[in-house]
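The values are calculated or read from the model by the stated rules, or taken from the named source; none is laboratory data. For clarity, every value in this text was computed on a predicted model and none was experimentally measured. Here the Cβ positions follow ideal geometry from the backbone for every residue, glycine too, while neighbour counts run over all protein chains shown. Ligands, DNA and RNA are excluded from the accessible area calculation, which covers all protein heavy atoms including side chains. Shrake-Rupley method; radii C 1.70, N 1.55, O 1.52, S 1.80 Å.
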Amino acid sequence: MVQQRLSGSAPTRGMLARAAAQADRLESEAAAAPATAAKPKWEFVGPVNVGGRILDIAVDPTASDTLLIGAASGGVWKSTDAGATFAASWPALRTQAVGALAIDSSGRIFAGTGESGPGGGSLTYGGDGVWRSTNGGRKWKPTGLKDTERISRIAIDPTDDDRIWVAASGPLYTPGGARGVFRSTDGGGHWDLALAGANATTGAGEVLIDPRNPRRVFAVMWDHLRQPSLRRFGGPGSGIYRSEDGGASWQRLSGGLPGSNAEVGRIGLGLAPSDPNRLYALTIDAEGSFTGFYASQDGGDAWVRRPDQRMLADSQAYFGWWFGRVWVDPEDAQHVFVAGVFLLESFDGGATWSQQTSVHVDQHAMVWDQRLPGRVYLGNDGGVYRSDSNGGGEWTRSAVMPFTQFYSLDVSEQDAGRVVAGAQDNGCNVGGSDPSGWIRYAVCGDGLETLISFENPDLLYGCSQFGYCSRVEGGGLGESITEDVHSTRFNWWSPLVFDPNDAGILYFAGNRIDRSTDGGRSWTRISGDLTGGDPHPEDRYPFGTITTVAPARSADSVLYAGTDDGRIWSTRDLGAHWSRATDPPLPDRWVTRVAVDSEDAEIAYATFSGFRQGEPTPYLSRTTDGGASWVDITGNLPRAPLNGITVRGATLIVGGDLGVYSSANRGASWAVVGKGLPRAPVMDLRVHDASGLLFAATYGRGVWKVRLAPLQ
């Protein structure tokens, strides 16, 4: 996994809140109605032992062994046993994207929603401002900044609990919005913009307070914008700023730091609590590569570039915008940590470094417990770790972490208790009845497509990022199966699917589709390039790729396919000829899934997402003539992107960023499925016909299942 890791239209503000309100209304209608869809309760399947991405950690100063963590798309979780286990401490039906946490001296908790990290192939979600809890996280109330969308950091004045600072990076996919450094002097009741960005794409990535002089505040501004086909996260608005008067005025720091230019990307800034004049800065360029590590001994007036260290460059790989954190030991100004793929540690102020490999890769959060000298908590893409040796090489991993980000799932046809699922940065996993007993299989760094043969429950397939897929039978890592396919570009989540009538036949797609009749051991190309090409071939994350392949059950020669550039294709002769759908109702958006009616190959459904354009619109289309014409059937679905669809008899079931919904009237109206499913994005659905169970893979809250009403 380590080798793999190293190797449009503008939305309206408040869109998330409005979509959530729509979803709330459907939840309320379901709860009040006697319909069977309102009654079954979703059950958590697991896992608890895999973990997921943690963006911030806050230690409660009022209670021993108590801390809260912010999961990237899994809400807030609380531990009262020094991080051994975690329990949910966040409303299940609110946004689950939490990027920042802070606890004041009285135990009052502030949570900033949304994730600032721009991601490569992975998904990062926005939020709805700052929330506050005055009872240890049992209940939360919104306290402003709902249009910031993505909050990077919250800092509280150590001498005044009501003086709070928020660094908001703002919308990731569109310019504008509420972004910059915000300040409250009344505990979050009111906010003012203390430092705005230099342009419409600049927000704040960090805010730090001098503990000895709280009127001195440091802020890191970050100019960046993610696009569907290009990732360059830098610009002239990036830089470090300092205020000496509590935010009334600001100075952009130079004195040896990189000047304002288009290549300056994310900057990590650390301040030594024991010597606040000592600062450290890690600089990244717009493409994500390391450019320098700097130290200041005079509060930021002058900076010295430390000797180049290959280890620092390697730690940032080519996606340093994923990290942007520097931490300093509160008791030792020379003891510094840098977030990267690995955790780096220096005992001489950055002159030399050592690399820690005993924890999961991709570091995001680190905090010292002031009640217990030497106790440190670490958050990364694998969850939460604790050190009782001041961040040394010995780390204890949390045992219960129910906040895994899953892309995909499959269920054994013979046993509904056997599930496979692909997890962001946590591999391909197989588990079932025991939430703590999930194990990895296949060669997966990020786990994407996962399959169980419906003829042989011991035969598994697992795919990592960019279509590296393995076949596993009888345990072990299995054999690679996609090295000889005929594509030249591969999506982060490249589709691998069974023929619904023969588990020995597989289809795989990059920018072309291949077919295998021997379980993936050999492949025959059955399409040309079905995309419009990659407009930015220099980017490390390919665009112009196939995102979904759907073979028909009722006609062996019929397939449908969709692409990231909004194209839908169909063939009636197993790929000898392909027809592109050109009907005007089809949106020019990423095709997330195509599903074919099980009895009529002329009927198919397609979901689309404008997520990467910052667009909230749900798109769902139906064809009844093999793809020649399409009609929109989104109906009353909440205004949020859709990620998938499955067909069960005459019922359609869709999963999206705000839950799971079903329609028994071909999309004329939609109702929420079940109750109690946390509002994390639903990425994949699987109906297990024999048991009548519906399984959902959520991106942040693990795998869930619900019992469906019997088919009529």
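What FRET efficiency would be calculated for the residue pair residue 162, residue 479, taking the C-beta separation as r and a Förster radius of 56 Å, to the nearest 0.05? Between residue 162 and residue 479 the formula returns 0.35. Couplings 3J(HN,Hα) for segment 516-526, derived from phi with the Karplus relation 6.51 cos²θ - 1.76 cosθ + 1.60 (θ = phi - 60°), are 10, 10, 10, x, x, 6, 9, 9, 10, 6, 10 Hz, where x marks Gly and Pro. When a/c is below 1.5 the answer is rounded, else prolate if a/b is larger than b/c, else oblate, so apply that to segment 514-625 with a ≥ b ≥ c taken from the square roots of the Cα gyration tensor eigenvalues. Oblate, since a/c reaches 1.5 and b/c is not below a/b. Only lysines eight or more places from residue 141 in sequence, or on another chain, were considered; those with a Cα closer than 20 Å are 78.
Under 5 Å between amide hydrogens, built in the peptide plane, is the criterion, and for residue 602 it picks out nothing among residues at least 5 positions away or on other chains. The magnitude of the dipole of the chain, with charges of +1 and -1 set on the Cβ of Lys/Arg and Asp/Glu and taken from the Cα centre, is near 1400 debye.
In the chain, with Lys and Arg counted as +1 and Asp and Glu as -1 at Cβ, which of these residues, 379, 120, 158, has the Cα nearest the positive end of the dipole, that is, farthest along it? Most positive-ward Cα: 158. Ordered by 1.4 Å accessible area with all protein chains kept, 694, 193 run largest first as 193, 694.
Centre-to-centre, using Cα atoms only, segment 306-359 and segment 199-250 are separated by 21 Å.
What a 1.4 Å probe finds exposed on the chain is 49% carbon and sulfur by accessible area, rounded to a whole percent. Calculated translational diffusion coefficient of segment 140-265 (37 °C, 0.692 mPa s; Stokes-Einstein with Kirkwood radius over alpha-carbon pairs) equals 222 µm²/s.
When peptides 364-374, 118-128 are sorted by average Cβ neighbour count within 10 Å, with the highest value leading, the order is 118-128, 364-374. With helices as the sole contributors, the chain gives -1000 deg cm²/dmol at 222 nm; each DSSP H run of n ≥ 4 counts as -39500 (n - 2.57), and the sum is divided by every residue. Using the alpha-carbon centroid of each, what span in Å lies between segment 560-632 and segment 405-444? After rounding, the separation between the Cα centres reads 28 Å. On a straight-distance basis, which lysines could pair with residue 39 in a cross-link, Cα separation under 19 angstrom, same-chain partners fewer than 8 positions away excluded? Within the straight-line cut-off, residue 39 pairs with 675, 705.
Segment 230-342 gives an Rg/Rh value of 0.96, both radii derived from C-alpha positions and Rh following Kirkwood. For segment 665-704 and segment 47-85, what is the separation of their Cα centres, given in Å? Going from one Cα centre to the other spans 26 Å. Over the Cα atoms of segment 572-643, the radius of gyration divided by the Kirkwood radius equals 0.99; this is the Rg/Rh ratio. Extending 7 Å from the Cα toward the beta-carbon at both residue 308 and residue 538 defines two label points whose distance is 2.1 nm. With the simple spin-label model, which puts each label point 7 Å out from Cα in the Cβ direction, the residue 139 to residue 81 separation comes to 2.8 nm.
Dipole magnitude for segment 173-267: about 240 debye, using +1 per Lys or Arg Cβ and -1 per Asp or Glu Cβ, origin at the Cα centre. A dipole drawn for the chain from +1 and -1 charges on Cβ atoms has a positive end, and of 697, 23, 326 the residue lying farthest that way is 23.
Toward the positive end of the charge dipole of segment 610-666, with +1 on the Cβ of Lys and Arg and -1 on the Cβ of Asp and Glu, the farthest Cα among 611, 652, 636 is that of 652.
The Rg/Rh ratio of the chain, with Rg taken over Cα atoms and Rh as the Kirkwood radius over Cα pairs, comes to 0.97. Segment residue 39..residue 689, full-extension length gain: 232.1 nm, with 0.36 nm per residue of separation and the alpha-carbon distance subtracted. Counting only Cβ charges, +1 for Lys and Arg and -1 for Asp and Glu, the dipole size of segment 536-608 around its Cα centre is about 120 debye.
For chymotrypsin sites (Phe, Trp or Tyr not before Pro), no site in segment 637-712 is both called loop by DSSP and has at most 12 other Cβ atoms within 10 Å. Note on residue 583 and residue 93: their simple-model spin labels are 3.5 nm apart, each label 7 Å out from Cα toward Cβ. The accessible area of residue 229, taken with all protein chains in place and a 1.4 Å probe, comes to roughly 20 Å².
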